[in-house]
Amino acid sequence: MILDLFSLAGKVALVTGATRGIGLGVAQALAEVGAHVILSSRMPKPDVMASLQAAGHKVSYIAADMEDPVAPAQLVADATALHGRLDILVNNAGIAYHGDTHSFAEADYRRLMDVNVDAVFKTCQAALGPMRLQKSGVILNIGSISGFVSNIPQPQAAYNASKAAVHMLTKSLASDYASEGIRANAIAPGYIDTDMTASGFANPEWSPIWKAMTPLPMVGTPRDIGAAAVYLCSEASRYVTGEVLVVDGGYTTR
Ligand code: NDP
């Protein structure tokens with residue numbers, strides 16, 4: 001049955017930034033198709049874990065601040081130790097700062113690159129350890145349409161550059177590790193209803209432009225990204241690697 005290809009029964013997945021927003025949508029979706037999902041974020045969210053467990057999902061939690069340069073290696077080691085393997089890594093934790101480039105604060109630039117680029121590189125690097133031993137694994141990085149286009153009206157050059165780096169890192173890993181049974185793909189979401197976009201959707205100068213730029217007359221949800229993640233993490237996409245799947249309601253058509 002074609003639906004069997006989407007099953008992740010018996011697989012172990014680690015999702016960063018998983019306690020809310022897109023990361024939680026992805027974690028929940030992977031759990032729904034059978035994966036044991038290890039959720040990570042800076043602060044534990046016992047209520048989120050309790051509700052996933054109450055729904056019958058196999059979930060664990062490990063705290064890690066991805067801004068800390070040693071966190072990626074420690075997180076992957078701890079996650080792999082839980083079940084003795086790591087089948088799926090979803091690099092979702094990310095931050096966004098807006099602001100003109102000519103006055104963008106050095107500290108904001110550094111932090112954005114530390115979380116959005118350096119941590120993603122290091123977490124992929126760490127996950128390649130167990131995945132190479134297993135001769136199998138799936139890496140899924142959450143990029144953005146901002147890695148392809150310059151969003152308007154808000155200036156966000158540093159964020160855009162960070163997401164373009166995620167896309168190219170993904171393609172490079174796909175090419176370099178395909179022969180070892182490891183696939184690497186990315187999802188480039190458009191505007192998704194999360195804490196990250198809440199102030200933008202509430203901004204009367206931004207929200208109408210965001211919506212006018214999006215052909216489908218709706219705002220994306222974390223579940224829309226979760227559905228794409230199930231495809232890219234499962235056997236359904238066994239012949240797909242190096243892809244950046246745009247899930248944006250058509251934003252990048254305009
Ligand atoms: P949210 O801000 O809603 O959630 C971010 C998640 O990441 C939370 O679980 C947060 O938990 C965690 N997090 C934040 N900073 C860190 C850190 N330093 N270390 C570890 N975990 C951290 O974000 P979204 O769900 O909106 O975005 C998720 C990803 O999707 C990001 O990479 C973002 O760039 C990307 N994206 C989002 C879009 C959107 O429209 N929302 C569009 C395109 C891409 P805690 O605070 O407890 O650590």
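Taking the Cα atoms only, what angle lies between the long axis of helix 71-83 and the longest principal axis of the chain, rounded to 10 degrees?
Compared with the principal axis, the helix lies near 40 degrees.
Considering only protein heavy atoms and a probe of 1.4 Å, how much of the accessible area of the chain is carbon and sulfur, as a whole percent?
Whole-percent figure for carbon plus sulfur exposure: 58.
Just the ratio, please: alpha-carbon radius of gyration of the chain over 2.2 N^0.38 Å, N its number of residues.
Compactness ratio reported: 0.96.
On C-alpha positions alone, give me the angle between the axis of helix 21-32 and the longest principal axis of the chain, in degrees, nearest 10.
30 degrees
So how do H36, H167 rank on accessible area, 1.4 Å probe, biggest first, that is with the largest at the start?
So, going from the largest accessible area down, we get H36, H167.
Whenever you get a sec, line up D87, D100 from highest to lowest accessible area (probe 1.4 Å, protein heavy atoms).
Sorted descending by solvent-accessible area, the residues read D100, D87.
Under 14 Å Cα to Cα from K11, which aspartates and glutamates show up? Leave out anything in the same chain fewer than 8 places away.
E32, D87, E235
Would you please name the trypsin sites (Lys or Arg not before Pro) within segment 135-226 that are DSSP coil residues with at most 16 other C-beta atoms within 10 Å of their C-beta?
Passing sites in segment 135-226 are K135.
Which of the lysines could be linked to K163 by a straight reach, that is with a Cα gap under 18 Å, when you skip same-chain ones fewer than 8 residues away?
K122, K171
Would you mind getting the accessible area per residue of segment 2-245, heavy atoms of the protein chains only, 1.4 Å probe, in Å²?
Value for segment 2-245: 45 Å² per residue.
Taking the highest mean first, how do the peptides 244-253, 111-120 order by number of other beta carbon atoms within 10 angstrom per residue?
On the way: 244-253: 18.1, 111-120: 20.4.
The most tightly packed comes first, giving 111-120, 244-253.
Using unit Cβ charges (K, R positive; D, E negative) and no other charged atoms, how large, in debye to the nearest 20, is the dipole of segment 2-245 about its Cα centre?
480 debye
Place +1 on the Cβ of every Lys and Arg and -1 on the Cβ of every Asp and Glu in the chain, take the dipole about the Cα centre, and give the residue among Y177, N92, V117 whose Cα lies farthest towards its positive end.
Farthest towards the positive pole: Y177.
Could you tell me which residue out of C233, P189, S199 lies farthest along the dipole of the chain toward its positive end? Charges go on the beta carbon: Lys and Arg +1, Asp and Glu -1, centred on the Cα centre.
C233
Let a ≥ b ≥ c be the square roots of the eigenvalues of the Cα gyration tensor of segment 70-214; is it rounded (a/c under 1.5), or, if not, prolate (a/b larger than b/c) or oblate?
Since a/c reaches 1.5 and a/b is larger than b/c, the shape of segment 70-214 is classed as prolate.
Between K211 and M168, what is the FRET efficiency for a Förster distance of 22 Å, r being their Cβ-Cβ separation, to the nearest 0.05?
0.15
Between L133 and T253, what is the label-to-label distance in nm when each label sits 7 Å out along the Cα-to-Cβ direction?
4.7 nm
The values are calculated or read from the model by the stated rules, or taken from the named source; none is laboratory data. Only a predicted model underlies this, so the values are computations on that prediction, with no experimental measurement involved. With ideal geometry, Cβ positions are generated from the backbone for all residues, glycine too; neighbour counts draw on all protein chains shown. When the accessible area is computed, the model is the full protein with side chains, heavy atoms only, and any ligands, DNA or RNA have been set aside. Shrake-Rupley method; radii C 1.70, N 1.55, O 1.52, S 1.80 Å.
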